[in-house]
Structures are given as C-alpha cells and as structure tokens.
Amino acid sequence: MDSAFIYDTYVTGKNFIARKSDLEDLQNAILHKRCVSIYAAAKSGKKSLIKNSLQCLYLKNIQIKYAELSLISLRQLDEFLIVLLEKVIRAFASTPLEYKEILNKYLCDTCFFFDEKKLSNIDSFISINGELSREDILSALSLAFRISKNESKCFVLLLEEFQNIDFIEQVYELLHMFKDIIMQYNEDEANNCVIIFSGSSYNAMKDIFEKRRLFTNLVSNIKLSNIEESYIVEHISQGFLKSGKVMEKESIQKLCTDLNNNIYYIQHAIAICDYMSKGYIVDATVLSAMQQLISIHEPRFRTIMNSLTNFQFSLLKAIIDGHRKFSAVSIIKDYNLNSSANVKRLKDALMKKEIISFSDDDEARFLDPLFEYWLRKIFFKK
C-alpha cells in the first residue's frame, strides 16, 4: 500500500501541501517566459514545486516541453556542454537521425558533431572536434532558446545544483555568457524558453544570483515559503485517518517545532511512527522515531563538527547560545573569537560550509533544522 508520508522523492498532486503562492509565481514566470532561480537547502521541496507547477500548467491545457540536467557531477566545461546539448536535443528529437539533423541545423559551424560510433557504445551522441571557442560555447548555451523559437510549446529547462558551475574553471566567462544570452532573449518577443536555475547550496546560489549581481532584473528569484504548521497537522492527521491510526495534534505540533516545519524530516519521522504503530501513536513512539531519524544523520553531523576549526566551533556555540552581535567586545572575549575581522572570516567560513546563513541584519539561521536540533539537544545539551 502506498504510504501517505512520502520523503524519499518529490511529491505531486494531493501529496503536495501548501505553497500555493509559490506555485502561482512559478507558473506565471513560465507563462511570461521569465527565467527563475530557486535555492534552498536540500530536501526543502524545490523539485516538488517545479513538478507541481508543470502539472498545473498541463491541467490548464498549456503544453510544455521539459528537460532537466543536474550539475552535481559535472566539473569540466566540455562535459557540461555536451550533456547540456544532449538534454536539450532529446527534448525535441527521439531518433539518431533527428539528433543529427538538429546538430547540422543549429551547430554546423561549431566543433560539436554527431558521433555515431559513440552512440553505439554509450548513451551519448555528441563529441568535440578541436578546442572550444567562445562562439562554440555561446552556441551551446543558447541552443535551448534558439531551437524553442520554432516550436509551438514552451520549453522549460531545469538546471539542478547550478551552484556547482563554480567548479568549472571558466566559470566567470560562462556566467557572463549566460547573462548575455538571457538578456538577448528576454527582449525577444518570440522567446519560448525558460531556464530554472535550482540549487541546494543556499549560500553559494545566493552568491551567484544576488551578490555578484550578474542576473539582476534578468532572473527572478522564487523563495520557498515556509509551510504553515496547520497544513502539516492536517496532512498528517488525514494520512493516519486513512489507515485507521491516530496521532494527537499536540504531538504533531511538537514535531513541527523541533524540526522547524521541515516537511522532509517531518514526513520521514512520521513514516517511522507509522511503521512502528498499529493504532494510537504515543509520545514514546514519536521520541523513538526522532532518535532513529537522528541516528541516520548523526554521522554526517559529526563530520561537519569535526571539520570546524576551534574559532568556527566557538562562533557556532555563540549562535546556539542565542547571540547576534558577534563582533561585540564581550562576545569576542567570552567565546575567544580573537577579533571582529576574524568574526567576519568565521561567518564566511560557516556560510561556505552551508551550515549557516545570515540575514541583512546579521541574524543567523541554520540551513538544516535537524542538525540544529542535534546540536542543541545532543551535542551542546542545551
């Protein structure tokens, strides 16, 4: 029987709860052919939002072609461009002959060519002859825009884990090319392509799309809204009701508080409760589920803490203790942070490790709520 509490993949339809305004924002961006960025910590619901938006548009009889590409394992420019081209081409073609025709039509003056031998050996059909020129790179990056102009359906291209583009040696030039291409096609009334830049390294994505200011007024940011506790309580209560089980509202609310309404962790904990119980879910079951959830992730949390310098460790403790003015003389002295200049370096280091994000008014926020819970309750025993 299908579980009502899904945590191991994205969810759609009735399993997707709340975030109606986010759905509307993304649908409107697609309808108006505006590129968007979506960044939040892993398992925050980015893919669910994207898939549900596309599903909603489909139900409105708006036809869309779709392709997705993850940069999680791509570190070389040539590799990235080949995978990008193949993903785009496969969205518009289904046979080797059609692949070749598209290459000949849109990339005939580049170093990219249809490799029949490669296709017969592995599931890839593009190779590179010679060194990549700037024109070659521009042709590859703009193919999605150029090819979709001749189609009746809008083309949506999802670039997942886009922050990993920083691992590519020519990232500065690459990002500027992306900017120039998006700028050019934003002004084209015939534009029929939308790129969704998605990433689970929040601070790295924020650096690309906000601090570097390359994509200002070109790429709209859709911030994932917090899922309200009432929606989560209703979803869990209804899920248990279908299987004849009961969980007290107060127990669900406590779980929401402990996990900062993070639907991934909550669904996982509830799925454990569901597996362990036959009828009424008692508090001891919820506690055991939390312990099991922590045991799964604790090795990762220990690795994070072991990777910190003593100074970084001290700043993290100051954050856990509820302080905000980390450059204050008393805080620097009490937590042995050395100097205000060092505090800035420490904050940058914790952000680079994707542990903490800081608001404009210097308020620290843990990106992983289960890590924060473990840190408070188990590591520092607060």
Looking only at the stretch 326-372, count every residue that is more than 22 Å from the chain's Cα centre (by Cα) and of a type outside the set (D, E, K, R) and tell me the total.
17
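Results for (1) in a helix (DSSP H, G or I); (2) surrounded by 15 or more Cβ atoms within 10 Å (Cβ to Cβ); (3) touching a residue at least 12 places away in the same chain (Cβ under 8 Å), shown as yes or no for each residue.
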site	(1), (2), (3)
261	no, yes, yes
266	yes, yes, yes
269	yes, yes, yes
284	yes, no, no
287	yes, no, no
Scope the stretch 174-193; condition open to solvent by 20 Å² or more (accessible area, probe 1.4 Å) and part of a helix (DSSP H, G or I); matching residues
176, 179, 180, 183, 184, 186
From the list 121, 221, 150, which residue is polar (S, T, N, Q), surrounded by fewer than 19 Cβ atoms within 10 Å (Cβ to Cβ) and within 30 Å of residue 368 (Cβ to Cβ)?
221
Residue among 290, 276, 305 that is at pLDDT below 95 and under 30 Å from residue 227 (Cβ atoms)
276
Flagged in the stretch 300-338 as part of a helix (DSSP H, G or I) and either among the β-branched types (Val, Ile, Thr) or at positive phi (or both), in numbering order, are 303, 304, 319, 320, 329, 331, 332
Out of all the residues in the stretch 124-147, which are out of contact with any strand residue (DSSP E or B) (no Cβ under 9 Å at 6 or more places or on another chain), hydroxyl-bearing (Ser, Thr, Tyr) and open to solvent by 20 Å² or more (accessible area, probe 1.4 Å)?
133
Conditions (1) open to solvent by less than 80 Å² (accessible area, probe 1.4 Å); (2) touching a residue at least 60 places away in the same chain (Cβ under 8 Å); (3) out of contact with any helix residue (DSSP H, G or I) (no Cβ under 6 Å at 6 or more places or on another chain); (4) not aromatic (Phe, Trp, Tyr); number of the one not met by residue 87:
(1)
Criterion first (at pLDDT 95 or above and open to solvent by less than 20 Å² (accessible area, probe 1.4 Å)) does residue 197 satisfy it?
yes
When you go through 161, 210, 189 one by one, which is the residue that is without any contact (Cβ under 8 Å) to a residue 60 or more places away in the chain, of a type outside the set (A, V, I, L, M, F, W, C) and more than 25 Å from residue 62 (Cα to Cα)?
210
Quickly run through the stretch 339-382 and pick out the residues that are in a helix (DSSP H, G or I), charged (D, E, K, R) and within 15 Å of residue 41 (Cβ to Cβ).
352, 372
Being aliphatic (A, V, I, L, M) and within 27 Å of residue 151 (Cβ to Cβ) narrows it down to one of 236, 222, so name that one.
222
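Let's see how each residue does on (1) part of a helix (DSSP H, G or I); (2) in contact (Cβ under 8 Å) with a residue 12 or more places away in the chain; (3) touching a Lys or Arg at 6+ places or on another chain (Cβ under 6 Å):
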residue: 18; (1), (2), (3): no, yes, no
residue: 22; (1), (2), (3): yes, yes, no
residue: 25; (1), (2), (3): yes, yes, no
residue: 29; (1), (2), (3): yes, yes, no
residue: 38; (1), (2), (3): no, yes, yes
residue: 50; (1), (2), (3): yes, yes, no
residue: 53; (1), (2), (3): yes, yes, no
Here are some residues: 377, 325, 382. Which one is touching a residue at least 24 places away in the same chain (Cβ under 8 Å), open to solvent by 90 Å² or more (accessible area, probe 1.4 Å) and within 26 Å of residue 269 (Cα to Cα)?
382
Residue identified as in a helix (DSSP H, G or I), under 27 Å from residue 169 (Cβ atoms), among the charged types (D, E, K, R) and without any contact (Cβ under 8 Å) to a residue 12 or more places away in the chain among 79, 101:
79
Return a yes/no flag: does the stretch 333-356 have any residue that is under 22 Å from residue 255 (Cα atoms) and of a type in the set (Asp, Glu).
no
Which members of the stretch 43-84 meet the condition of being open to solvent by 40 Å² or more (accessible area, probe 1.4 Å) and of a type in the set (Ser, Thr, Tyr)?
58, 66, 70, 73
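The values are calculated or read from the model by the stated rules, or taken from the named source; none is laboratory data. Being a predicted model, the structure only gives us computed values, none of them experimental. No Cβ is skipped: glycine too gets one built from the backbone with ideal geometry, and neighbour counts run over all protein chains shown. Only protein heavy atoms, including side chains, enter the accessible area calculation; ligands, DNA and RNA are left aside. Shrake-Rupley method; radii C 1.70, N 1.55, O 1.52, S 1.80 Å.
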